[in-house]
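The values are calculated or read from the model by the stated rules, or taken from the named source; none is laboratory data. Since we're looking at a predicted model, the values are computed, not measured. Using ideal geometry, Cβ is built from the backbone for each residue, glycine included, and neighbour counts are taken over all protein chains shown.
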Amino acid sequence: MHVHRKRIGKWGEEYAVGYLQDRGYWVIARNWSARAGEADIIAFDTDEPCVVFVEVKVRVSKKFGTPEESIGERKKRALERVIAAYLRQHRYQGAVRVDVIAIERRADGDAVRHLKNVSLE
């Protein structure tokens, strides 16, 4: 991965962690990985008690679409496998949700969208 893209991705994850914590989420893990792939952030939503797997997407231009549009079928299948591995490993059987934090870096200020309960179908 290009160094610039890696730096932007790391910045986006840092931003998302702060965003979630400001809204009362407890961050459980960052960059949790299994053979199937990686979950950017795993958090606990204290308002709707559940474990939330958060995918963070950052775009610096709309040349390739919005951040959330970059989550393709391959990524969705990998997320399903990572979530299953996490739940197995931690023997967690409670409520689970998938969220996306989409960040667009813009000259007039960053735009952040928190999409809750995103379907992997």
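Tallying residues that are among the basic types (Lys, Arg), surrounded by 16 or more Cβ atoms within 10 Å (Cβ to Cβ) and more than 19 Å from LYS57 (Cβ to Cβ) within the stretch 71-121 yields 0. Taking residues in the stretch 38-53 that are farther than 10 Å from TYR25 by Cβ, and partners anywhere that are not in a strand (DSSP E or B), the pairs with Cβ atoms closer than 6 Å and at least 6 places apart or on different chains are ALA39/VAL82; ASP40/GLU13; CYS50/ALA95; PHE53/ILE83.
Would you check which residues across the stretch 92-116 are within 19 Å of ASP22 (Cα to Cα) and part of a loop (DSSP other than H, G, I, E, B) and list them? Listed by number, the residues that qualify are GLY109, ASP110, LYS116. Residue by residue through the stretch 16-45, note down the ones that are of a type outside the set (A, V, I, L, M) and either assigned to a strand (DSSP E or B) or at pLDDT below 95 (or both). Within the stretch 16-45, TRP26, ARG30, ASN31, TRP32, SER33, ARG35, GLY37, GLU38, ASP40, PHE44, ASP45 qualify. Restricting attention to the stretch 33-52, the residues that are surrounded by 18 or more Cβ atoms within 10 Å (Cβ to Cβ) and within 13 Å of the chain's Cα centre (by Cα) add up to 7. Do the conditions hold for ALA34, that is, is it hydrophobic (A, V, I, L, M, F, W, C) and closer than 26 Å to ILE8 by Cβ? So ALA34 passes the test. Take VAL58 and decide whether it is over 14 Å from LEU20 (Cα atoms) and either assigned to a strand (DSSP E or B) or not charged (D, E, K, R) (or both). Here the answer is yes, as VAL58 does meet what is asked.
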